[in-house]
Amino acid sequence: MLILGVESSCDETGIALYDSEAGLLAHALHSQVAMHAEYGGVVPELASRDHIRRVVPLLRAALAQAGRSLAEIDAVAYTRGPGLSGALLVGCAFAEALALALDKPTIPVHHLEGHLLSPLLSADPPVFPFIALLVSGGHTQLMKVTGVGEYELLGETLDDAAGEAFDKSAKLLGLPYPGGALLSQLAERGDPEKYSLPRPMLHSADLNFSFSGLKTAVLTLVREQDEPLTDEFKADAARAFQEAIVEVLVKKSLKALKQTGLKRLVVAGGVGANRQLRAMLDDEAKRKRFRVHYPELAFCTDNGAMIALAGCLRLQAGSTAKPAGSFSVQPRW
Ligand code: KG4
Ligand code: ZN
């Protein structure tokens, strides 16, 4: 079975071809980050227009990479939500129209299921069941994953997502959008002893998170400084922020493993690229004898490969693909 995957929920256009036997054959991606940078955040209207410009050339590139033709595609999977409605509609219209023309079915995919299953694209994939820590710009969740489509939400953020907290704190430190990755680079030069920020909900009995207070704590630190902020201060504050957020993410993940008795943790979503988070989890895994799986860096952030994979696994798990032709998305799915 050859599945085409289409991702367009936010500011990345991703197209991929996944074969149920041979695995990932090709993936093509265009990031709009540079385009939105001058506005300090994603501009939804510009995002939609750019997805329109990119989908066809990316499809051609993916087909060429895989050495396949349109006629060989068995089904088209696409992100139905959650995300920006205009952006989602571009991917939906493209996928549904293509499938209709090819007389093939479509598989609408939940964006987070794509992230959740993305570590299965790696050479040494995790086996079910596992705990998934989903940390992206829009979501922070701990899930118990027993199989494809079998997800139990164990805990989630009550306010900001982890990536959002990274981006907002980066902005407070004067870093350009999207600041998450830049903040983490800066943090590597910071002194971990200089400032100590609160660890929100670290000791709460549940598996929920809250990060908006942490962002406020960064704001308080910034307000205590003279303008302009020095590079040294920025690095130390970035480090303090990262130490706090990483500790909470790691401790809650350990708690989820302990509560469920599971021995495998999968980390997915953009914040999963964070080096300090990975180092601390690897360290705990050695000490507490569990395994941690990460998606390859290219599949941590949004991409079409995870959508093609999720669509393929859904079909294999018995979900039925729909006849093409629908035109609806679920921005708040
Ligand atoms: O999964 P993703 O690409 O998009 C969403 O679905 O949200 O995640 C993007 C988020 C952004 O908030 C970005 O700042 C954050 O992931 N991010 C990082 C790092 N790289 C990306 N956060 C912390 N450390 C990083 N190295
Ligand atoms: Zn995402």
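Laboratory data are not the source of any read-out in this text; all were calculated from the coordinates shown. Fair warning: this is a prediction, and the values are worked out from it, not measured in the lab. When we count neighbours, we look across all protein chains shown, and the Cβ atoms used for this are built from the backbone with ideal geometry, even at glycine.
Quick notes on this structure:
- Per residue, the average separation of C-alpha pairs within less than 8 Å and at least 6 apart gives segment 72-151 a relative contact order of 24 percent.
- Mean Kyte hydropathy of 0.0 or more with a Cα span along the axis of at least 20 Å, helices from DSSP in the chain: 44-66, 85-102
- Each Cα pair under 8 Å and six or more residues apart adds its sequence gap; the mean of these over the residue count of the chain is a relative contact order of 26 percent.
- The gain in end-to-end length when the GLN185 to TYR39 segment is fully stretched comes to 50.4 nm, 0.36 nm per residue minus the alpha carbon separation.
- Gain in span if fully extended, LYS251 to ASP282, counting 0.36 nm per residue against the direct Cα distance: 9.9 nm
- In the chain, the DSSP beta bridges split such that about 60 percent are antiparallel, to the nearest 5.
- With R₀ fixed at 41 Å, the C-beta to C-beta distance from THR260 to GLN65 puts the FRET efficiency at about 0.55.
- Exposed-loop-free span, longest in the chain, where trypsin sites (Lys or Arg not before Pro) count as exposed if DSSP calls them loop and at most 15 other C-beta atoms lie within 10 Å: 1-188
- Among the listed pairs LYS144/LYS322; LYS251/LYS286; LYS252/LYS286, those with a Cα-Cα distance over 24 Å are LYS144/LYS322.
- Amide hydrogen neighbours beyond the local backbone of PHE211, cut-off 5 Å, H modeled: LEU158, ASP159, ASP160
- Pairwise Cα inverse-distance average, inverted: Kirkwood Rh of segment 125-282 (Å): 15.9 Å
- Relative frequency of Cα-Cα separations exceeding 31 Å in the chain, percent: 33 percent
- Whole-number D in µm² s⁻¹ for segment 1-81, Kirkwood Cα-pair radius fed into Stokes-Einstein, 25 °C, 0.890 mPa s: 185 µm²/s
- Evaluated at q = 0.18, 0.22, 0.24 Å⁻¹, the base-10 log of the normalised Debye intensity for segment 52-96, with identical point scatterers placed on the Cα atoms, takes the values -0.60, -0.83, -0.93.
- Relative contact order [Cα under 8 Å, 6+ residues apart], segment 267-333, whole percent: 32 percent
- Segment 144-209 - Rg over Rh from alpha carbon coordinates, Kirkwood radius: 1.09
- In this structure, the amide hydrogen of ALA26, modeled 1.01 Å from its nitrogen in the peptide plane, lies closer than 5 angstrom to those of LEU17, counting only residues at least 5 positions away or on a different chain.
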